[in-house]
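Quick notes on the structure that follows.
Throughout, read-outs are computed from the coordinates displayed, never taken from laboratory work. Being a predicted model, the structure only gives us computed values, none of them experimental. Please note: Cβ atoms are built from the backbone with ideal geometry, for glycine as well, and neighbour counts cover all protein chains shown.
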Amino acid sequence: MNNASALVKILLLMLIAYGLFFFMKREWSLAPNLNEFADATELHPVVAEKRDELIRRSKDKGITVVITDDFRSKEEQDQLYAKGRTTEGNIVTYSKGGESYHNYGLAIDFALEIEKGKVIWDMEYDGNQNGMSDWMEVVEIGKELGFEWGGDWEGFKDYPHFQMNPQDLV
Ligand SMILES: [Zn+2]
């Protein structure tokens, strides 16, 4: 075996290892162990506590957060998935029943209430007039509390969505 072909073989092996590593990394991040939460019928108590804390800390900054969705059964998720596909409306989710953290009591969706009964999803709105978008201020607080924000996802971005990964339930 000459040096050149040995080098090619080493490079090929490195490439395979590299590809395998990224594939596994993706698999791991896609499939955290949600099995132990499969019987959930409501929000996990830790997530409920963080939700309340999110509302409180936002209020302190003059921002009124409303929670528009929390626990969702797998049947409700399937109905939501059908929206924009087999039923009327726009597509609102890319997760079928069992694929969303809402189905495990580990996710919440929020919006801003700018006056009694008036809820907005405007990410530019600066109601407390501190030069920062209220939406992003809420996102910052959520992340501090340990939530993963749907706006950080690659591909489909879910801006009103917060979820808590099992290892962050502390
Ligand atoms: Zn959501």
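A few comments on the model shown:
- Pairs exceeding 22 Å between alpha-carbon atoms, taken from Lys61/Lys157; Lys59/Lys116; Lys83/Lys157: Lys61/Lys157.
- Candidates Val92, Val46, Val138: whichever shows maximal mean-square fluctuation once the chain is modelled as a Gaussian network with Cα springs under 10 Å: Val92
- Amide H contacts under 5 Å for Asp69, placed H, 5+ residues apart: Asp109
- Residue-by-residue Karplus 3J(HN,Hα) for the range 162-170, coefficients 6.51, -1.76, 1.60, Hz, glycine and proline x: 10, 9, 10, 6, x, 6, 9, 7, 10
- Net charge contributed by nearby residues that have their C-beta within less than 11 Å of Ala48 (K/R +1, D/E -1): -3
- Database remark: amide H of Gly84 closer than 5 angstrom to the amide H of Gly89 (H placed geometrically; neighbours at sequence offset of 5 or more, or on other chains; Pro and chain starts carry no H).
- Environment charge of Gln167, counting only residues whose C-beta is closer than 13 Å and scoring Lys/Arg +1, Asp/Glu -1: -3
- Rounded to the nearest 20, the Cβ-based charge dipole of the chain about its Cα centre (Lys and Arg +1, Asp and Glu -1) stands at 640 debye.
- 0 to 90° range, to nearest 10: angle between helix 45-60 axis and the chain longest Cα axis: 60 degrees
- Amide H contacts of Trp153: Asp158, each under 5 Å away and 5 or more positions distant or on a separate chain (H built 1.01 Å from N in the peptide plane; Pro and chain starts excluded).
- Normalising the average separation of contacting C-alpha pairs (under 8 angstrom, six or more residues apart) by the number of residues puts the relative contact order of the range 54-111 at 42 percent.
- Averaging the sequence gap over all C-alpha pairs within less than 8 Å and six or more residues apart, then dividing by the number of residues, gives the range 29-170 a relative contact order of 25 percent.
- Loop sites here are GluC sites (Glu not before Pro) outside DSSP states H, G, I, E and B with no more than 10 other Cβ atoms within 10 Å. The longest part of the chain free of them is 43-87.
- Net +/- balance of residues flanking His102 in space, Cβ distance below 10 Å, scoring K and R +1, D and E -1: -3
- Gaussian network model of the chain, springs between alpha carbon atoms under 10 Å - residue of Ile141, Ile91, Ile16 with greatest fluctuation: Ile16
- Max mean-square fluctuation residue, GNM over the chain, Cα-Cα springs under 10 Å, options Leu20, Leu11, Leu80: Leu11
- Residue among Asn90, Thr68, Leu43 farthest towards the positive dipole end of the range 1-130, charges placed on Cβ: Asn90
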